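This report concerns only the one structure given below.
Laboratory data are not the source of any read-out in this text; all were calculated from the coordinates shown. Nothing here was measured: the structure is a model prediction, and the numbers come from that model. Quick reminder, even Gly has a Cβ in these numbers, built from the backbone with ideal geometry, and neighbours come from all protein chains shown.
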Amino acid sequence: MSEMRRILRKSLLFGIGSVFLLSLTDDVPGAEVTEAAARKAMQQATNYFTSQVSTEGGYLWKYSQDLKDREGENRAPASRIWVQPPGTPSVGEAFLRAYQQTGEPYLLAAAKAAAMALVNGQLKSGGWNYYIDFADRKAYQYRVNGGGPKARNTTTLDDNTTQAALHFLILLDQELKFQDEPIHEATMYALNALLKAQYPNGGWPQRFDSPPDPEDYPVIKANYPDSWSREFPKKKYLDYYTFNDN
């Protein structure tokens, strides 16, 4: 193992186990943190996250110490996980990166559990909503056990939501050599949906539930109007070409 790889591996170990390591060294000022201690702390942290914190393999943003108060961008019931970062994709990718540096099987299992939470919350439109609620599946057109044609089916690119989920799934799919069928299928489904949702000029909307009609979005030279209102026009902007958070 090269010196740089060794340093990177130890840095990652120390980062993931930091909360537990603080408790281990609080009473021993100046105590050296060894790789063995970091590995032990990382496993403790992972076991706690997967057995006590996660919902169906997924995660929110914040939890109180007793886990009674749970939040994503807002308060959430125990049945809900968040896709928008720093939710499920962020935690899953941390597990994956730790596995790639250590080879510990329990970390890969945790990453796969997070990925399956996303697979089970993928919409028929191809991407993801800000959150997934496992107790309210009929309200959304999830690809797996979702609601009917009148249920919500809007993929959001706002706040890096679908992009973060897809980025994590792509990395994990590659790590698994494209052999995990549900994860690979969800990854390709999302990629194809994003390509179909792309406008003729190369941009994307903030949200979509179906591919755009090219006739409605002709490619024209960029320009500014001679004048424009300084007040919000109160129009729906979800299908506008969007730069923010995309």
* To do: Mind telling me which of 127, 103, 72 comes out most flexible in a GNM of the chain, alpha-carbon contacts under 10 Å?
  => 103
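Any of 62/235; 138/234; 196/221; 112/138 with alpha carbons more than 26 Å apart? Name them for me.
Long pairs (Cα-Cα over 26 Å): 62/235; 138/234.
Looking at region 42-95, which GluC sites (Glu not before Pro) are DSSP coil and have at most 14 other C-beta atoms within 10 Å of their C-beta? Intermediate values should be presented prior to the final figure.
Details: sites: 56, 71, 73, 93; in loops: 56, 73.
Filter output for region 42-95: 73.
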* Taking the dipole about the Cα centre of the chain, with the C-beta of Lys and Arg at +1 and of Asp and Glu at -1, give me whichever of 205, 168, 64 is farthest to the positive side. => 205
* To do: Just tell me the longest site-free run in the chain, where the sites are trypsin sites (Lys or Arg not before Pro) in a DSSP loop having at most 14 other beta-carbon atoms within 10 Å.
  => 69-149
* Would you mind pulling out the separation of the Cα centroids of region 79-97 and region 103-153, in Å? => 12
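Using DSSP to define loop residues, name the chymotrypsin sites (Phe, Trp or Tyr not before Pro) in region 180-246 whose beta-carbon has at most 16 other beta-carbon atoms within 10 Å.
Values: sites: 189, 208, 228, 237, 240, 241, 243; in loops: 228, 237, 240, 241, 243.
Within region 180-246, the qualifying chymotrypsin sites (Phe, Trp or Tyr not before Pro) (loop, at most 16 other Cβ atoms within 10 Å) are 228, 237, 240, 241, 243.
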* Check residue 207: other-chain or 5+ apart residues with amide H under 5 Å from its amide H, H built from backbone geometry? -> 157
* Structure fact -> Among 197, 111, 139, the residue with the largest mean-square fluctuation in a Gaussian network model of the chain built from Cα contacts under 10 Å is 139
* Asked: Build a GNM of the chain with springs between Cα atoms under 10 Å: which of 67, 169, 157 gets the top mean-square fluctuation?
  -> 67
* To do: Could you sort 83-90, 198-205 so that the peptide with the highest average Cβ count within 10 Å comes first and the rest follow in order?
  => 83-90, 198-205
